[in-house]
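Trainee: Have a look at this one.
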Amino acid sequence: MVAAVDALATLAAAGFDIAHPFDAAAAAREPGLAALDGDPRLGLLIGNTRALWQPFTAALEDPALAAEPDPLERYTERAIDLAFAPTEPAPRIYYGHRRYGGAFLPLQRLAAATGLGAIAPNHLVIHPVYGPWFALRAVVVTEGDPPERRPIAQPCRCDAACRERFERAQRSMAAADWLAVRDACALRAWRYTDDQASYHYGRMLRRLP
């Protein structure tokens, strides 16, 4: 467990400041999460708040990283692989941007099932502190004692403005309309900077078919 603690400190320094522990064997009973079953069973749902932006943009000074087709995905893999490299036995790592058995792991469902946040009617996961202003990047399954987790109550309630913006975004391919869905949430203390929000939403729409 000491190695895992050291790994989480390394990840936090790289901007991945969310490491939510859960029982991987219990979570594996959720649809789409069967890959998490087995030993060991301490799962860590890795993500980030706006804390990612400064270390990530600093890393982009590396020309090789900046030239990657998706620098953020490569940065995520490098940071998590490096953080857990000293861990013995080697953990199982599942990245949110990779397919396993032909499908992406439903990290939003995992977050809701293990109490990190609750899924709102606009399909965003809402955290009690961060609101919708965080991202889920990977799952690490490693040695340790998993805690018992339960779903939490919805931290906020979507009002008419939330519903209206979501309906508008569903008819739109504009990044501003999709960003407005997040901005409608009353939990705004951890909102991304404008530069970070523009990067993430521009990237999201470029990946749509």
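Any read-out appearing in this document is the output of simple, stated calculations on the displayed coordinates, not a laboratory observation. A quick note: this is a predicted structure, and the numbers were derived from the prediction, not measured. Cβ coordinates were reconstructed from backbone atoms using ideal geometry, including for glycine residues, and neighbour counts include every protein chain displayed.
Trainee: Considering the options PRO128, VAL141, ILE46, tell which one lies farthest towards the positive end of the dipole of the chain, charges being +1 on Lys and Arg and -1 on Asp and Glu at the Cβ, about the Cα centre.
Mentor: Highest projection toward the positive end goes to PRO128.
Trainee: Kindly write out, for the stretch 17-33 in residue order, the coupling ³J(HN,Hα) from the Karplus curve 6.51 cos²θ - 1.76 cosθ + 1.60 (θ = phi - 60°), rounded to whole Hz, with x marking Gly and Pro.
Mentor: Karplus values, whole Hz, x for Gly and Pro: 8, 10, 9, 9, x, 7, 8, 5, 5, 5, 5, 4, 6, 6, x, x, 10.
Trainee: I've got another one for you. Using the Karplus curve 6.51 cos²θ - 1.76 cosθ + 1.60 with θ = phi - 60°, what ³J(HN,Hα) values do you get for each residue of the stretch 93-101, in whole Hz, with x for Gly and Pro?
Mentor: Whole-Hz 3J(HN,Hα) from phi for the stretch 93-101: 10, 10, 9, x, 9, 10, 8, 10, x.
Trainee: Ok, one more. So what is the calculated 222 nm ellipticity per residue for the chain, using -39500 (n - 2.57) for each DSSP H run with n of 4 or more, over all residues, to the nearest 500 deg cm²/dmol?
Mentor: Details: 9 runs with 81 residues, N = 209.
About -11000 deg cm²/dmol.
Trainee: Using the Kirkwood radius built from alpha carbon pairs, what does the Stokes-Einstein equation give as D for the chain at 4 °C and 1.567 mPa s, in µm² per second?
Mentor: 72 µm²/s
Trainee: I've got another one for you. 5 Å is the cut-off here: which amide hydrogens, built 1.01 Å from N in the peptide plane, fall below it relative to TYR100, excluding neighbours closer than 5 in sequence?
Mentor: LEU105
Trainee: Along the Cα→Cβ direction, 7 angstrom out, place labels at ARG203 and ALA67. What is the inter-label distance in nm?
Mentor: So the label points at ARG203 and ALA67 sit 2.0 nm apart.
Trainee: While we're on this one: Sort 101-111, 64-74 for me by packing, meaning the mean count of neighbouring Cβ atoms within 10 Å per residue, highest on top.
Mentor: For the peptides 101-111, 64-74, the packing ranking is 101-111, 64-74.
Trainee: Rounded, prolate or oblate: which fits the stretch 1-87 when a ≥ b ≥ c are the square roots of the eigenvalues of the alpha-carbon gyration tensor, with rounded for a/c under 1.5 and prolate only if a/b beats b/c? Provide the component values of the computation, followed by the final result.
Mentor: Working: a/c = 2.28, a/b = 1.78, b/c = 1.28.
Verdict is prolate for the stretch 1-87.
Trainee: In whole Å, what is the distance between the alpha-carbon centres of the stretch 35-114 and the stretch 147-168?
Mentor: 25 Å
Trainee: How large, in Å, is the stretch 114-209 by the Kirkwood hydrodynamic radius built from its alpha-carbon pairs?
Mentor: Every distinct Cα pair counted, the radius reaches 14.8 Å.
Trainee: GLU30 to ILE119: extension gain in nm, 0.36 nm per residue of separation minus the Cα-Cα distance?
Mentor: 30.6 nm
Trainee: Another question about this same structure. Shape call for the stretch 57-103 from the C-alpha gyration tensor, a ≥ b ≥ c root eigenvalues: rounded (a/c under 1.5), prolate (a/b greater than b/c) or oblate?
Mentor: In terms of gyration-tensor shape, oblate.
Trainee: Set the Förster distance to 41 Å, then compute FRET efficiency between GLU167 and GLU88 from the Cβ-Cβ distance, nearest 0.05. Kindly include the intermediate steps, with their values, before the conclusion.
Mentor: Details: r = 51 Å, r/R0 = 1.23.
The pair GLU167/GLU88 has a calculated efficiency of 0.20.
Trainee: Count the net charge of all other residues whose Cβ sits under 15 Å from the Cβ of TRP133, scoring Lys and Arg as +1 and Asp and Glu as -1.
Mentor: Summing Lys/Arg as +1 and Asp/Glu as -1 gives +1.
Trainee: In the P(r) worked out for the stretch 75-130, what percent of Cα pairs fall beyond 19 Å?
Mentor: 48 percent
Trainee: Cysteines without a disulfide-compatible partner in the chain, using Cβ under 4.7 Å as the rule?
Mentor: Singleton cysteines: CYS156, CYS185.
Trainee: Specify whether the C-alpha gyration tensor of the stretch 60-175 places it in the rounded, prolate or oblate class, a ≥ b ≥ c being the square roots of the eigenvalues: rounded for a/c under 1.5, otherwise prolate if a/b is larger than b/c and oblate if not.
Mentor: It comes out oblate by the Cα gyration axes.
Trainee: Report relative contact order for the stretch 58-207 in percent, whole number only (criteria: Cα-Cα under 8 Å, sequence separation at least 6).
Mentor: Computed value for the stretch 58-207: 20 percent relative contact order.
Trainee: What FRET efficiency comes out for the pair ASP183/ALA103, r = Cβ-Cβ distance, R0 = 35 Å, nearest 0.05?
Mentor: 0.70
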